[in-house]
Amino acid sequence: VCIHRVRSCSSIRFIKSKYVCVFDKSALKFSHQQRLFRTSPVSCGQIVQFKLSDIGEGITEVTVKEWYIKEGDSVSQFDSICEVQSDKASVTITSRYDGVIRKLHYSIDDIAFVGKPLVDIEIDASKGVASEEDVVETPPMSHEEHTHQEIKGHKTLATPAVRRLAMENNIKLSEIVGTGKDNRILKEDILNYLAKQTGAILPPSPKAEIVPPLWKTEAVPAAPKDKARRIPIPVSRPIAFSGKDKTEPVTGFQKAMVKTMSAALKIPHFGYSDEIDLTQLVQLREELKPLAEIRGVKLSFMPFFIKAASLGLLHYPILNASLDENCQNVTYKASHNIGVAMDTEQGLIVPNVKNVQVCSVFDIAVELNRLQSLGSAGQLGTSDLTGGTFTLSNIGTIGGTYAKPVILPPEVAIGALGKIQVLPRFNGKGEVFKAQIMNVSWSADHRIIDGATMARFSNLWKSYLENPASMLLDLK
Amino acid sequence: MVLQSLKNCLWLSCIHRTPKACFWSTAGGGLIIQSVSNDVYQNLAVEDWIHDHMDLEKQQVLFLWRNSPAVVIGRHQNPWQECNLRLLRQKNIKLARRRSGGGTVYHDLGNINLTFFTTRKKYERMGNLKLVVKALKALRPQLDVHVTDRYDILLDRQYKISGTAAKLGRTSAYHHCTLLCNADKSVLSSVLKSPYKGLKSNATPSMPASVKNLFEEDASLTSGMLLDAIAKEYAVQNQIDHRITLINPADETLLPGISNRTKELQTWEWVYGKTPKFSISTCLSMAYKDSVLDVQVNMDVKHGRIEVCNIDLPEQWLPPGLCSELVKGLTGSKFCPNEATTLVTTLLRVCPQDHELHSRWSLLCENMIRLM
């Protein structure tokens, strides 16, 4: 794709004499050999009134809709200053100067007039004033160096500040891939180029390595030999790192997490882990998956884990309870609303399946599908996200074996399921066989749950999963 | 009509060998391209890309595109004011904010979009629209279509079949317009009706208009015929080849940086965050047990986030600490039902486990979330 911006600098057009020309027009003589932007006799810190240029179609007024800069900001030529709107057309106004914004003449929603001042810019005198036309890149002062006039008609856009940076570092602007608007070269591009240069001797055709936009590759055939010669090899140039720390307020999801976790901290947790042999369950699921698919439902392992947990909670209801604030009363919840931790783009959410105690494994699968699609669309409702009494977190889908889950108040227990791994185990006869092993890590509130209760519950849950047929006996 | 696949085109090899004799310039003074994608974000990204990267001095470009169901709001508009966001979410209709000004439109495959790219100096909307009308009349002389001075195209002097918007940059500009061929009018009218009350904003409002599909007027028309007719007229007027070249908006080598642009257009910060500052002042009527509670809610939303939030609850209806927790939590959060839901359900975890309290809390929160 050709992105040439071919501008003939012999045809200078000073658009509309109503612009305030702070410099002598005759001083701006353009020629191919000269530096073009040092010719203006602007004194230090001169404030220029940048006027709103013609929009076209005879439009005289526009509404200011958004400022991209504020008073005191530095701007470079071609930076966006503001967005104005007129009769269904949105116009981006860009700066003609390098400098510092000293005054905004309008507020948002004000009517701005064509030809009247939009902003006042204090020009940085040492940088000079840019003309209406795009400035043409000229070769650096060193005459031994190849000029790149062989690259015909190739003009590079860059502000005077950027040009100076390139010149100081002996870099040809044509060697830099511009990432700014209209492919202009930004300061970052120079710094990145320098960073790549440090200590290395670049191969003859460096362009091929910096993934270039297509039009730049044409520069390579022009003078490959010379490029190898021209590549500067800086010996001890510091790597330019332009990264900055970024501070953001904690809002929304994160704020919610902060609250929950701070409350969870008050709960004395204890952990209990175990290993489950899911070989039989894996086989069973394989058989049942197609049946579920016929009914239009995706069947994962979670419905089994959830149902088994509910069966276990029938025997150990204290794990499905809640302790009040003052630790005076324990409420045994009748419903098993088992929460399933979900990882979404925004963060962790825990919708729950209601009344698992009266649901079949298939019912649970259906509900899980519903919650999962709502979750990924960001459309879970408040009822889906409240009322949970017990939580399972299948962190194993992402990875990991053992975990230390944090209880979600007002619950008193939580289980984290690791990933299913194929591992060698010994059977009753002392033979090694291939087993599908998953680890579970429970956390419980030690104020009302003791280790023995957790262990027994875990054993029961484990037995249901290791021998799925046993679930049939206790299914209600 | 001959559609050339871009991959088969000579120009790719031209680029690497002879820089000057590249695709764009061999095509003469103009180029007609059509997107193979129906993804509104991808297509809007192509517009951005052409606007920022192409040299339009030598030639102008006509870009033809269609989208699967989407609502597209103008650069400075307020989506809450313009459309039924709840319905959009339910129906899985995308919401996009374009960079040009103007009002809100509904796109589906029965609507075609035309973008005229020129240099800033050659920007001229009336000419473009007249071109479209000329093409339509050439195809079906009996069609009563004309351009208004608001840059709409009307059918039978009363039904809007095309709306216009434009974007002007430093050196280039584009003017794009819709053309209703066979869009779903019932969905269109239902999604473009905002249910949100009490909104006060300086965002650009849309002008509702009665619409009609061209196909209602003449059932023998197809989108293909319309696209061809317009392309032909454009080719004649610009003295170029009338062939349409297909372009794939996902092609990163053809359009470097396009996938980042596409991503940016989908971010919450762009779609919702660019909404001009607005305020909501409304009264929630909550039916609780045997009575109805009137709760005055005032919010200021800036950059799509709640800057200020006031909820006027009757005293002691909720523990005071809890209400202020809600307000504190909402302040600074996105004005977004998903974020609000997470916030309120989490807050519920850390308050006393009282059934009465919970049902009041849920009622209040459900109502608050409905505002978003």
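The values are calculated or read from the model by the stated rules, or taken from the named source; none is laboratory data. Since we're looking at a predicted model, the values are computed, not measured. Ideal geometry is used to build each Cβ from the backbone, glycine not excepted, and the neighbour counts take in all protein chains shown.
Looking only at residues in segment A:401-434 that are buried (at least 19 other Cβ atoms within 10 Å of the Cβ) and assigned to a strand (DSSP E or B), the one that is farthest from the chain's Cα centre (by Cα) is A:Ala413. Counting only residues that are within 26 Å of B:Ala287 (Cβ to Cβ) and within 7 Å of chain A (Cβ to nearest Cβ), segment B:305-332 holds 1 of them. Has segment B:223-243 got at least one residue that is among the hydroxyl-bearing types (Ser, Thr, Tyr), over 22 Å from the mean Cα position of the chain (by Cα) and at pLDDT 90 or above? Yes, some residue in segment B:223-243 is among the hydroxyl-bearing types (Ser, Thr, Tyr), over 22 Å from the mean Cα position of the chain (by Cα) and at pLDDT 90 or above.
Pick from A:Tyr332, A:Tyr272: which is in contact with a strand residue (DSSP E or B) (Cβ under 6 Å, 6 or more places away or on another chain) and loosely packed, with under 13 Cβ neighbours inside 10 Å?
Values: A:Tyr272 fails: loosely packed, with under 13 Cβ neighbours inside 10 Å.
Going through A:Tyr332, A:Tyr272 in turn, the sole match is A:Tyr332.
Quick check on B:Val61: is it β-branched (Val, Ile, Thr) and within 9 Å of the chain's Cα centre (by Cα)? Taking the combined requirement at face value, the residue does not satisfy it. Under the condition of being part of a helix (DSSP H, G or I) and away from chain B (no Cβ under 14 Å), the residues counted in segment A:247-288 number 10.
If the condition is being surrounded by fewer than 18 Cβ atoms within 10 Å (Cβ to Cβ), more than 21 Å from A:Gln436 (Cβ to Cβ) and not hydroxyl-bearing (Ser, Thr, Tyr), then segment A:284-326 contributes A:Glu293, A:Ile294, A:Arg295, A:Gly296, A:Leu314, A:His315, A:Pro317, A:Asp324, A:Glu325, A:Asn326. Taking segment A:56-131 as the region of interest, the strands (runs of 3 or more DSSP E) fully inside it that hold 1 or more residues being of a type in the set (Lys, Arg) and out of contact with any Lys or Arg (no Cβ under 6 Å at 6 or more places or on another chain) are A:61-67, A:99-104. Of all residues in segment B:55-91, those that are part of a loop (DSSP other than H, G, I, E, B), facing another protein chain (nearest Cβ under 8 Å) and either modelled with pLDDT of 90 or more or closer than 25 Å to B:Ala203 by Cα (or both) total 3.
Listed residues B:Phe335, B:Phe278; which is within 29 Å of the chain's Cα centre (by Cα), within 13 Å of chain A (Cβ to nearest Cβ), at pLDDT 90 or above and within 27 Å of A:Ala263 (Cβ to Cβ)? Please lay out each step first, then the result.
Numbers: B:Phe278 fails: within 27 Å of A:Ala263 (Cβ to Cβ).
Only one candidate passes the filter, namely B:Phe335.
Taking the criterion of being more than 15 Å from A:Ile449 (Cα to Cα) and without any contact (Cβ under 8 Å) to a residue 40 or more places away in the chain, the residues of segment A:316-348 that qualify are A:Glu325, A:Asn326, A:Ala334, A:Met342, A:Thr344, A:Glu345. Scanning segment A:382-400 for residues that are part of a loop (DSSP other than H, G, I, E, B) and either under 11 Å from A:Val350 (Cα atoms) or modelled with pLDDT of 90 or more (or both) turns up A:Thr386, A:Gly387, A:Gly388, A:Thr389, A:Asn394. When A:Lys244 is tested against (1) under 35 Å from the mean Cα position of the chain (by Cα); (2) within 11 Å of another protein chain (Cβ to nearest Cβ), just one condition goes unmet, and that condition is (2).
For segment A:52-68, the set of residues classified as without any contact (Cβ under 8 Å) to a residue 40 or more places away in the chain and within 28 Å of A:Glu188 (Cβ to Cβ) consists of A:Tyr68 only.
The rows are residues; the columns are (1) part of a strand (DSSP E or B); (2) under 22 Å from B:Ile73 (Cα atoms).
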| residue | (1), (2) |
| --- | --- |
| B:Thr275 | no, yes |
| B:Ile280 | yes, yes |
| B:Ala287 | yes, no |
| B:Asp300 | yes, yes |
| B:Lys328 | no, no |
| B:Gly332 | no, no |
| B:Val344 | no, no |
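Every test in (1) surrounded by 15 or more Cβ atoms within 10 Å (Cβ to Cβ); (2) of a type outside the set (Phe, Trp, Tyr); (3) within 12 Å of another protein chain (Cβ to nearest Cβ) is passed by B:Asp354 save one, and that test is (1).
State whether one or more residues within segment A:149-171 are among the acidic types (Asp, Glu), over 18 Å from A:Asp79 (Cβ atoms), under 33 Å from the mean Cα position of the chain (by Cα) and modelled with pLDDT of 65 or more.
Pass one, segment A:149-171, residues among the acidic types (Asp, Glu): A:150, A:168.
Those left that are additionally over 18 Å from A:Asp79 (Cβ atoms): A:150, A:168.
Then drop every residue that is not under 33 Å from the mean Cα position of the chain (by Cα), which leaves none.
No - not one qualifying residue is present in segment A:149-171.
Could you list, in sequence order, all residues of segment A:57-102 that are among the aliphatic types (A, V, I, L, M) and within 13 Å of another protein chain (Cβ to nearest Cβ)? A:Ile59, A:Val62, A:Val64, A:Ile81, A:Val84, A:Ala89, A:Val91, A:Ile93, listed by residue number. Checked against (1) closer than 22 Å to B:Lys134 by Cα; (2) surrounded by 18 or more Cβ atoms within 10 Å (Cβ to Cβ), B:Thr262 passes all but condition (1). Restricted to segment B:190-222, and to residues there that are free of Cβ contacts under 8 Å to residues at least 60 places away in the same chain and under 30 Å from A:Glu66 (Cα atoms), the residue that is farthest from the other protein chains (Cβ to nearest Cβ) is B:Pro208.
Determine, yes or no, whether A:Gly347 is touching a Gly at 6+ places or on another chain (Cβ under 9 Å), modelled with pLDDT of 90 or more and either not β-branched (Val, Ile, Thr) or not assigned by the TED database to the domain that holds A:Pro317 (or both). No, not satisfied.
Note on segment B:128-173: residues that are within 30 Å of A:Ser95 (Cβ to Cβ) and either free of Cβ contacts under 8 Å to residues at least 40 places away in the same chain or among the aliphatic types (A, V, I, L, M) (or both) amount to 5.
Could you check segment B:328-351 and list, in sequence order, the residues that are of a type in the set (D, E, K, R) and surrounded by fewer than 17 Cβ atoms within 10 Å (Cβ to Cβ)? Show your work before the answer.
Going through segment B:328-351, the residues of a type in the set (D, E, K, R) turn out to be B:328, B:334, B:339, B:349.
Matches in segment B:328-351: B:Lys328 only.
Residues in segment A:380-413 that are closer than 17 Å to A:Ala321 by Cβ, hydroxyl-bearing (Ser, Thr, Tyr) and away from chain B (no Cβ under 14 Å): 0 in all. Does segment A:338-346 include one or more residues that are within 30 Å of A:Lys266 (Cα to Cα), surrounded by 15 or more Cβ atoms within 10 Å (Cβ to Cβ) and away from chain B (no Cβ under 14 Å)? Yes, segment A:338-346 has at least one match. Exactly one residue among B:Lys167, B:Lys134 is more than 26 Å from A:Asp54 (Cα to Cα), among the charged types (D, E, K, R) and outside any loop (DSSP other than H, G, I, E, B), and that residue is B:Lys134.
Has segment B:151-173 got at least one residue that is farther than 27 Å from B:Gln77 by Cα and more than 14 Å from every other protein chain (Cβ to nearest Cβ)?
Residues of segment B:151-173 farther than 27 Å from B:Gln77 by Cα: B:156-157.
Subsequent filtering for residues that are more than 14 Å from every other protein chain (Cβ to nearest Cβ) retains B:156-157.
Looking for residues that are farther than 27 Å from B:Gln77 by Cα and more than 14 Å from every other protein chain (Cβ to nearest Cβ), one finds at least one in segment B:151-173, hence yes.
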